[in-house]
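Remarks on the structure that follows.
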Amino acid sequence: MSRKNHQWYTLDLHIHTPASSDYQETGVTMLDVFRRAEARGLSAIALTDHNTVAGFRRMSEEIAFLEMLEKGGRLTGEERSRLEEYRRLLGRLVVFPGFEFTATLGFHLLAVFPPEKSVREIEHILLDLNIPASQIDLGSSTVGATADVITAYRRIDEAGGLVIAAHANSTNGVAMRGFDFGGQTKIAYTQDPHLHALEVTDLELPGRRSTAAFFNGAKPEYPRRMHCIQGSDCHRLRADPANRKNLGVGDRATDVLLGELSFSALRELFLGNDFSRTRAHRASKEEDVFDFIQSAREEGPTIVQGFHESMVEKGGKLYDVIADVCAFANTNGGTLFIGVGPDPKSTPAGVPDAARAVELLEREIGRKISPALVPTVDVKETGGKQIIRVIVPRGDDPPYAVEGSKIYVRDEDETGMAVRDEIVTLVERKQRPRTAPAPEPSSPPEPAPPVATGVDAPRTGVEVVTYEERDGVRYYTVRDLRNGSMVKNVTLASARRLWHYAIVEHDKLPAADAIAWQGDLAMVKKRSHRGESHYDLLQRTPNGIRCYYGVSEDGIHGEWKRLVGAEEE
């Protein structure tokens with residue numbers, strides 16, 4: 001998509017009005033809310049009162065009443081002034097109707113609708129979600145038993161609304177820490193295809209500890225990258241000086257890059273996979289305030305992100321780019337940056353004649369990858385140099401192949417040729433209806449053996465399960481710890497980088513009695529890879545010793561954290 005006519009707009013999609021029973025100020029009018037939004041430089045807001053659309057309805061009814069008086073020539077001076085102020089403000093500010101829904105277990109989610117959506121239809125949605133009719137105007141966050149989170153996602157999405165998990169990483173959020181409702185439930189609540197975005201409270205937090213970084217698509221249990229935004233969740237006009245956590249209108253806003261400021265453009269953004277078009281709002285709205293390419297370099301290569309210094313045909317560099325495109329389509333999708341390396345301290349090389357290079361790349365992708373795949377290819381700028389960005393969707397028609405027969409997949413930050421079992425998994429994926437974005441292991445997967453200690457295996461890296469020797473060659477069976485799928489008949493010669501490393505290290509393991517065990521767990525090696533620690537780990541079980549190699553920090557949890565001395569999240 002061309003961005004020639006795009007511009008940044010500032011939104012606050014989580015605003016309460018006096019229609020919420022816990023609003024903190026008295027005497028506030030809707031005009032006061034709109035004036036404050038204008039003063040904060042907002043382009044659009046969503047009125048999201050608790051389990052009600054009463055605030056938006058009362059505003060609409062007030063404007064309709066004033067226009068009726070105007071038509072009959074019966075407006076007083078104060079009424080005329082009020083109507084003119086509404087018209088002025090609504091000419092400068094887009095106001096979306098919506099609500100903040102309280103699902104079962106107390107989880108909150110935002111529903112945002114286009115301005116033309118009728119209030120009656122929105123109220124019907126609330127009733128359908130089990131908000132009692134007697135409470136539909138009360139604006140209370142405590143409304144008794146309602147619908148579950150997944151049902152609410154689906155119902156709101158099917159009604160044409162945007163579904164946003166409210167303050168997802170904080171109180172009443174679907175990804176909040178310290179609430180024990182099961183890992184699979186949390187995965188479902190944050191990866192559901194009817195959920196469009198996560199509202200987070202730490203969007204500006206740098207590094208890997210932020211919620212947005214956690215949901216970047218590289219985690220084994222959370223393969224769908226999520227759009228992350230922030231909202232004020234304001235219950236007053238201005239921040240409370242006695243408690244700065246009580247924010248005011250626009251105190252925590254989001255910038256979005258759109259061709260036009262409309263609900264359809266906003267929905268298209270959240271349904272797409274261009275994650276550079278949202279950012280935490282800052283004082284300046286200049287596009288160069290936030291260099292998303294430099295931010296990507298600081299994160300480094302992952303299963304959904306890669307870098308190439310160039311794409312010249314000489315030396316096979318163009319082919320390497322096309323192989324990565326194929327691998328992303330066969331795995332989780334992803335983004336490639338061409339003309340810049342992964343080291344954030346190095347100067348970008350840039351792409352000479354970037355427009356021509358885009359034409360070449362699009363032509364070669366169309367010619368060499370089958371079935372047809374249409375990624376988004378555009379030119380961006382970082383460090384004063386033009387680079388090419390390629391956004392690759394997760395393909396709906398796998399397996400994708402280069403030159404008809406070379407099938408590539410992405411494993412951690414590496415692209416490699418798929419082996420037989422992985423190709424079987426891709427074929428099975430094509431035959432399944434796409435009800436969720438996460439890839440599944442080959443069916444039926446070979447389950448990991450039970451562990452009496454109750455400590456689950458790490459969540460990244462590979463496990464060398466067993467091997468057999470034929471004609472002097474060892475054929476290994478390895479398990480992908482991201483999804484539990486088994487890959488058989490792996491040899492040292494055919495193994496990809498991580499598999500190769502695991503096999504080499506496995507053959508060098510010392511005897512069990514020479515290992516420094518901590519209970520039934522042991523760390524035999526720690527190494528650094530692109531600034532991140534990776535571990536080789538062992539686990540004693542009733543069925544023998546399990547061996548895990550190349551486990552990244554993302555795969556460490558529970559007792560493993562204590563073993564390696566990692567800081568608890």
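Antiparallel DSSP bridges in the chain: what percent, to the nearest 5? Bridges in the chain that DSSP calls antiparallel: roughly 80 percent.
Taking 8 Å as the Cα distance limit and 6 or more residues as the minimum spacing, I'd like the relative contact order of the stretch 297-416 as a percentage.
On the way: 253 pairs, mean separation 40.4, N = 120.
So the answer I get is 34 percent.
Backbone phi angles across the stretch 461-476, fed through the Karplus curve with coefficients 6.51, -1.76 and 1.60 (θ = phi - 60°), yield HN-Hα couplings of x, 10, 10, 7, 8, 6, 8, 9, 10, 10, 6, x, 10, 8, 10, 9 Hz in residue order; Gly and Pro are listed as x. Within the stretch 297-416, the ratio Rg/Rh, alpha carbon atoms throughout and Rh by Kirkwood, equals 0.94. For the cross-link pairs LYS317/LYS488; LYS219/LYS561; LYS314/LYS385; LYS314/LYS368; LYS368/LYS488; LYS219/LYS406, the ones whose C-alpha atoms lie over 24 Å apart are LYS317/LYS488; LYS368/LYS488; LYS219/LYS406.
Tilt of helix 30-39 relative to the longest C-alpha principal axis of the chain, in degrees (0 to 90, nearest 10)? That works out to roughly 60 degrees. When SER494, SER276, SER43 are arranged by Cβ crowding within 10 Å, least crowded first, meaning fewest neighbours, the order is SER494, SER276, SER43.
At q = 0.12, 0.24 Å⁻¹, what is the base-10 log of I(q)/I(0) for the stretch 347-409 according to the Debye formula with one equal point scatterer per Cα and no solvent? Please give it to two decimals. Results for the stretch 347-409 at q = 0.12, 0.24 Å⁻¹ read -0.36, -0.98. Cβ crowding within 10 Å ranks TRP517, TRP560, TRP8 as TRP517, TRP8, TRP560, fewest other Cβ atoms first. What do you get for the angle between helix 54-71 and the principal long axis of the chain? Use alpha-carbon atoms, 0 to 90 degrees, nearest ten. So the inclination is approximately 40 degrees.
Taking the C-alpha atoms only, the angle from helix 354-368 to the longest principal axis of the chain is near 60 degrees.
The string of couplings for the stretch 340-348 from the Karplus curve (6.51, -1.76, 1.60, θ = phi - 60°) is 8, x, x, 6, x, 8, 8, 6, x Hz, one whole number per residue in order, with x for Gly and Pro. Sparse packing (at most 11 other Cβ atoms within 10 Å of the Cβ) combined with a DSSP loop state is found for the following trypsin sites (Lys or Arg not before Pro) in the stretch 223-313: ARG244, LYS245.
Between the listed residues ILE365, THR376, PRO97, the Cα displaced farthest toward the positive end of the dipole of the chain, a dipole computed from Cβ unit charges relative to the Cα centre, is found at ILE365. In the calculated pair-distance distribution of the stretch 9-284, the portion above 28 angstrom amounts to 33 percent of the Cα-Cα pairs.
Treating only the Cβ of Lys, Arg, Asp and Glu as charged (+1, +1, -1, -1), what charge dipole size does the chain show about its Cα centre? Round to the nearest 20 debye. Let's see the in-between values first.
On the way: 71 positive and 83 negative charges, 130 e Å.
In total the dipole reaches around 620 debye.
Throughout, read-outs are computed from the coordinates displayed, never taken from laboratory work. Since the model is a prediction, treat every value here as computed from it, not as a measurement. With ideal geometry, Cβ positions are generated from the backbone for all residues, glycine too; neighbour counts draw on all protein chains shown.
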